[in-house]
Amino acid sequence: MTKLSSKDVLRSDQFSKAEIDLIMETARTYEAAVDAGEVLDVMKGKVLSTLFYEPSTRTRLSFETAMLRLGGDVITVAEAKSSSAAKGESLHDTIKTVEGYADVIVLRHPQIGAAKEAAEATDQPVLNAGDGAGQHPTQSLLDLYTILKEQKKVDGLTIALAGDLRNGRTVHSLALLLANYDVRFLFVAPDALRMPTEIVEQVKAAGIDVQETENLSQAICEADVLYMTRIQRERFEDPAEYERLKDAFILRNDALASAKPSLTIMHPLPRVNEIDPDVDAFAGAAYFRQSANGVPIRMALLALVSGRA
Amino acid sequence: MTKLSSKDVLRSDQFSKAEIDLIMETARTYEAAVDAGEVLDVMKGKVLSTLFYEPSTRTRLSFETAMLRLGGDVITVAEAKSSSAAKGESLHDTIKTVEGYADVIVLRHPQIGAAKEAAEATDQPVLNAGDGAGQHPTQSLLDLYTILKEQKKVDGLTIALAGDLRNGRTVHSLALLLANYDVRFLFVAPDALRMPTEIVEQVKAAGIDVQETENLSQAICEADVLYMTRIQRERFEDPAEYERLKDAFILRNDALASAKPSLTIMHPLPRVNEIDPDVDAFAGAAYFRQSANGVPIRMALLALVSGRA
Amino acid sequence: MTKLSSKDVLRSDQFSKAEIDLIMETARTYEAAVDAGEVLDVMKGKVLSTLFYEPSTRTRLSFETAMLRLGGDVITVAEAKSSSAAKGESLHDTIKTVEGYADVIVLRHPQIGAAKEAAEATDQPVLNAGDGAGQHPTQSLLDLYTILKEQKKVDGLTIALAGDLRNGRTVHSLALLLANYDVRFLFVAPDALRMPTEIVEQVKAAGIDVQETENLSQAICEADVLYMTRIQRERFEDPAEYERLKDAFILRNDALASAKPSLTIMHPLPRVNEIDPDVDAFAGAAYFRQSANGVPIRMALLALVSGRA
């Protein structure tokens with residue numbers, strides 16, 4: 001049986017290609033089982049602890065659903081800040097305590113490196129559900145899974161990442177994960193919010209063709225996948241620059257006239273106004289399916305790190 | 001097999017008489033099974049999401065218990081306000097996301113019409129657990145179930161609804177639901193807090209005999225069922241009016257001397273001071289049994305909307 | 001089958017020696033079963049309600065894990081303050097409501113006597129998870145269980161309780177529980193934070209040898225078990241007194257040089273700075289194992305009060 005080389009899931013770039021394939025295949029198997037109405041007992045008798053130092057309902061519910069659909073149980077700290085941490089306990093001590101209860105730990109924390117620190121404190125598997133500006137590997141894996149499901153392949157695709165590419169943890173992780181494949185990237189961002197040079201360099205070093213542009217309309221014409229993120233006023237030093245650009249980074253139906261009919265539109269959610277609700281009716285508007293894909297991906301990860309898949 | 005005509009539970013007046021009978025009968029079956037110590041698996045492998053945009057511990061725990069006693073699982077957002085909604089996500093988008101995780105959704109929301117909006121966003125069944133000043137249909141159904149259990153019938157009963165009848169969502173819904181039966185109503189309220197005219201007219205149009213009064217003592221003499229609600233100082237324009245009336249709307253043991261021995265006393269809870277704790281010892285003081293009846297009623301609804309009953 | 005004489009767990013001094021033995025033996029059985037990977041169904045079909053009027057993540061998760069590992073289900077009120085209580089409901093009414101949902105109730109409350117009040121309101125078993133400055137009996141039982149596991153016995157041991165002995169609910173309860181055994185006590189505290197006279201007298205009346213001291217180093221040399229608690233600045237009337245003493249009550253590796261190699265170090269957690277992290281590597285540093293022991297002890301109590309063990 002193939003295995004993951006680490007029982008922790010900390011970074012989107014920790015996996016070999018074979019491991020990524022294993023995760024995708026395992027997710028597919030579980031998704032098919034759930035769709036067929038099967039009641040699984042893969043994690044029967046096991047307890048997952050979710051530990052959220054900042055709220056993220058989407059990610060928390062997705063992990064909890066994954067554990068429950070595998071037949072396991074869940075204990076929840078939806079707002080860890082207001083509990084032991086408030087009494088001055090270190091993350092290390094909290095993790096050492098939770099390892100006495102749970103078999104797997106999912107951690108969301110506002111500080112970069114928190115998940116790694118947690119993983120070093122315990123022998124139980126730790127899954128990083130976002131560590132501040134750091135990593136959010138399960139998001140990247142479900143993004144990849146979504147592309148595979150919507151486009152039936154990844155190799156050969158032109159993938160546009162659009163919006164705030166400077167500050168977006170999500171797009172950084174996804175770019176690095178997709179660098180395992182034979183893709184072409186369009187990085188679409190205002191000049192002030194361009195993809196960090198080190199990510200661009202790392203992706204190019206992997207042999208990927210990268211084109212940077214400010215022109216979303218042009219990118220839409222060429223893309224097989226459009227991954228939208230929001231640009232926020234407070235990220236701009238010059239408010240006039242924000243006013244000039246904001247409308248160009250809102251996706252509306254009219255912009256899709258020149259898109260490929262097979263275009264897949266993705267978004268990590270929540271959206272505010274960066275995708276007009278009219279776009280939801282577009283066949284390739286995949287963001288809610290993308291969100292739902294979090295469940296089979298997290299089922300796969302929970303089972304794999306527990307040696308149950 | 002009889003079915004509900006809609007998979008959503010949004011309003012207490014959405015049900016036909018046959019559907020109400022089905023819900024009551026299904027609730028009776030589940031209650032008997034739980035009392036007999038049976039472990040049910042009606043909802044095995046299914047996930048309920050409770051989504052509470054305002055806290056209501058009683059209603060949330062009751063729904064969660066119902067799902068667990070049916071063998072199902074639960075994911076909880078006890079305070080939805082502090083999560084995705086705070087990041088600017090619309091209710092529509094939140095529901096589209098949760099539908100990717102859960103098989104059934106229970107929604108509590110401060111705005112009228114929120115449950116309907118949620119039901120329109122998703123194909124999953126949505127159960128309205130209270131939408132502001134709007135509806136709270138599962139409360140009305142458990143109220144009816146309680147009357148049936150305590151009095152062994154509904155037809156022929158004199159039912160007094162007392163307290164703040166102007167602002168009470170609970171008494172509005174209950175009055176409309178009971179209009180399906182051959183009852184007589186006593187609406188007992190201060191003039192400033194009378195039952196809204198449209199409810200009175202709607203009930204009369206159904207052929208129900210209605211008497212409106214300010215006199216709680218007189219109503220207690222005649223009633224088979226007394227449904228108490230609280231009158232609150234802030235509802236009165238004239239504070240002197242509140243002072244004059246408040247004591248008349250507090251139920252104490254002495255007022256029960258002239259009641260029928262078989263009187264059933266109900267209250268949606270929580271109570272503050274409108275029923276004296278001494279009344280709890282009265283055989284017909286049914287409010288805690290009423291609260292417990294929320295579990296079989298919600299078991300019935302969860303199973304019926306899921307096509308599992 | 002031996003039984004507990006009460007279905008409620010309210011105080012650490014409510015148990016006979018035979019009952020304590022039963023609890024320890026039951027905990028051992030469940031711990032072995034969990035370690036062996038057995039999936040238990042002792043509480044299958046039963047629902048536990050945790051009701052926390054003040055946050056205590058450690059205690060709540062430990063109880064919830066215990067119930068889940070017994071095959072039961074859980075409904076949670078992690079912050080009861082913000083719910084029905086906020087609407088003016090009495091503890092009595094809240095308990096009467098929850099008894100309609102759950103089969104067992106775990107209560108954490110800031111007021112002394114709250115657990116007793118809750119137990120009097122309901123026929124369901126109530127387990128006290130801490131009532132203010134009052135009792136925290138399940139903590140004392142897991143402390144005893146830890147001593148038994150670490151030292152293989154209790155009789156004959158020299159047990160040092162150190163730190164703030166005046167205000168520590170934990171050390172009071174533990175002292176009274178250990179008075180059932182043939183131990184020797186060292187009470188190690190600054191003069192301002194000495195063990196209350198009534199506890200000292202009660203323990204002596206049970207025939208226990210007690211020595212009181214301010215000298216932690218000396219106590220470490222003699223002890224088989226060292227139970228550390230934190231001394232807090234705000235407990236001292238004279239800040240200079242706190243400054244003089246605080247360093248003497250921080251445990252560091254150098255102080256362990258003169259300890260018995262078999263010394264067991266305990267702490268109720270969370271710790272802030274009263275045990276240096278370097279001490280964690282000491283073989284007898286048992287505080288995280290102690291915390292984990294909360295699960296089998298609470299499994300035993302849940303099953304015993306429910307008549308399932």
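Values in this text are rule-based calculations from the coordinates and carry no lab data. All values derive from a computational prediction rather than experimental measurement. Cβ coordinates were reconstructed from backbone atoms using ideal geometry, including for glycine residues, and neighbour counts include every protein chain displayed.
Enumerate the amide H contacts of A:Tyr227 below 5 Å, restricted to partners 5 or more residues apart or on another chain; note that Pro and chain-start residues carry no placed amide H.
Counting only residues 5 or more places away or on other chains, the set is A:Ala160, A:Leu161, A:Ala162, A:Met266.
If the only charges are +1 at each Lys and Arg Cβ and -1 at each Asp and Glu Cβ, what is the size of the charge dipole of the stretch C:39-135 around the Cα centre, to the nearest 20 debye?
For the stretch C:39-135, the charge dipole is close to 280 debye.
Relative to the longest principal axis of the C-alpha atoms of chain B, give the angle of the C-alpha long axis of helix B:169-178, reported between 0 and 90° and rounded to the nearest 10°.
Tilt of helix B:169-178: around 90 degrees.
For all pairs of alpha-carbon atoms in the stretch A:138-291, what percent lies in each bin of width 5 Å, listed from the first bin to the last filled one?
Reading upward from the zero bin: 2, 10, 21, 24, 22, 14, 6, 1, 0.
Can you find, among A:Gly71, A:Leu193, A:Thr264, the residue farthest towards the positive end of the dipole of the protein assembly as shown? Put +1 on the C-beta of Lys and Arg, -1 on that of Asp and Glu.
Result: A:Gly71.
Give the cross-link partners of A:Lys246 among the lysines, using a straight C-alpha distance below 23 Å as the criterion and excluding same-chain residues fewer than 8 apart.
Partners within reach: B:Lys87.
With the label 7 angstrom out along Cα to Cβ, how close does A:Arg308 come to the same site in each of the other copies, in nm, nearest first?
1.9, 1.9
What shape does the stretch B:1-75 take by its C-alpha gyration tensor, where a ≥ b ≥ c are the square roots of the eigenvalues and a/c under 1.5 counts as rounded, a/b above b/c as prolate, and the rest as oblate?
Since a/c reaches 1.5 but b/c is at least a/b, the shape of the stretch B:1-75 is classed as oblate.
Taking the Kirkwood radius as the inverse of the mean 1/r across Cα pairs, report the Rg/Rh of the stretch B:97-226.
Rg divided by Rh gives 1.05.
If each label sits 7 angstrom from Cα along the C-beta direction, how far apart, in nm, is A:Pro110 from its counterparts in the other copies?
2.4, 2.4
Among C:Ser16, A:Ala179, B:Ala80, which residue has its Cα positioned farthest towards the positive end of the charge dipole of the protein assembly as shown, with +1 placed on the Cβ of Lys and Arg, -1 on the Cβ of Asp and Glu, and the dipole taken about the Cα centre?
Of the listed residues, the answer is C:Ser16.
Taking a 20 Å limit on the Cα-Cα distance, which of the listed pairs A:Lys116/C:Lys149; A:Lys149/B:Lys46; A:Lys153/B:Lys46; C:Lys152/C:Lys260; A:Lys17/A:Lys44 fall beyond it?
A:Lys116/C:Lys149; A:Lys149/B:Lys46; A:Lys153/B:Lys46; A:Lys17/A:Lys44
Along the stretch A:219-232, what does the Karplus equation 6.51 cos²θ - 1.76 cosθ + 1.60 (θ = phi - 60°) give for ³J(HN,Hα), rounded to whole Hz, x for Gly and Pro?
4, 4, 4, 8, 7, 8, 10, 10, 9, 8, 9, 8, 9, 10
Non-local amide H neighbours of A:Ile75 (under 5 Å, H modeled in plane, Pro and chain starts lacking H): which ones?
A:Leu48, A:Ser49, A:Thr50
In debye to the nearest 20, how big a dipole does the stretch C:138-291 give about its Cα centre with +1 on each Lys and Arg Cβ and -1 on each Asp and Glu Cβ?
So the dipole magnitude of the stretch C:138-291 works out to roughly 480 debye.
On average over all directions, what projected area in square nanometres does chain B have, based on the convex hull of its Cα atoms?
Spelled out: convex hull of the Cα atoms, projected over all directions, averaged, 16.2 nm².
Just from its helices, what would the mean residue ellipticity at 222 nm be for chain C, if runs of 4 or more DSSP H residues each count -39500 (n - 2.57) and the sum is divided by every residue, rounded to the nearest 500 deg cm²/dmol?
Helix-only estimate at 222 nm: -11000 deg cm²/dmol.
Near the amide H of B:Glu212, under 5 Å away, which other amide H atoms are found, from residues 5 or more places off or on another chain, if H is placed in the peptide plane?
Correct list: B:Phe187.
Between beta-carbons, use under 9 Å as the cut-off and find the net charge around A:Tyr53, counting Lys and Arg +1, Asp and Glu -1.
0
Whole angstrom only: what separates the Cα centroid of the stretch B:265-309 from the Cα centroid of the stretch C:247-299?
Using only Cα atoms, the two centres lie 49 Å from each other.
What ³J(HN,Hα) values, in whole Hz, does the Karplus curve 6.51 cos²θ - 1.76 cosθ + 1.60 give for the stretch A:190-203 when θ = phi - 60°, with x put for Gly and Pro?
Per-residue couplings from phi come out as x, 3, 6, 10, 5, 4, x, 3, 5, 5, 4, 5, 5, 5 Hz.
What do you get for Rg/Rh of the protein assembly as shown when both radii come from the Cα atoms and Rh is the Kirkwood radius?
Over the Cα atoms of the protein assembly as shown, Rg/Rh equals 1.00.
Expressed as a whole number of Å, what is the distance separating the alpha-carbon centroids of the stretch A:106-136 and the stretch A:182-220?
Centre-to-centre distance over Cα atoms comes out at 28 Å.
Across the residues of A:108-115, average count of Cβ atoms on other protein chains within 10 Å?
Per residue, the average neighbour count from other chains is 0.
Sorted from shortest, what are the nm distances separating the label point of B:Asp21 from equivalent points in the other copies, each placed 7 Å from Cα along Cα to C-beta?
Computed spacing set for this position: 6.2, 6.2 nm.
Provide, in order from the shortest bin, the percent of all Cα-Cα pairs of the stretch A:39-135 in each 10 Å bin, continuing until the bin that contains the maximum pair distance.
Result returned by the calculation: 17, 52, 28, 4, 0.
Short version: ³J(HN,Hα) in whole Hz for each residue of the stretch B:234-242, in order, from phi by Karplus 6.51 cos²θ - 1.76 cosθ + 1.60 (θ = phi - 60°), x for Gly and Pro, what are they?
With coefficients 6.51, -1.76 and 1.60, one gets 5, 7, 9, 6, 9, x, 5, 4, 4 Hz.
May I ask for the distance between the Cα centers of the stretch A:50-73 and the stretch B:18-88, given as a whole number of Å?
Measuring centre to centre over Cα atoms gives 18 Å.
Net charge near C:Asp209: determine it from the other residues with C-beta under 15 Å of the C-beta of C:Asp209, scoring Lys and Arg +1 and Asp and Glu -1.
In short, -4.
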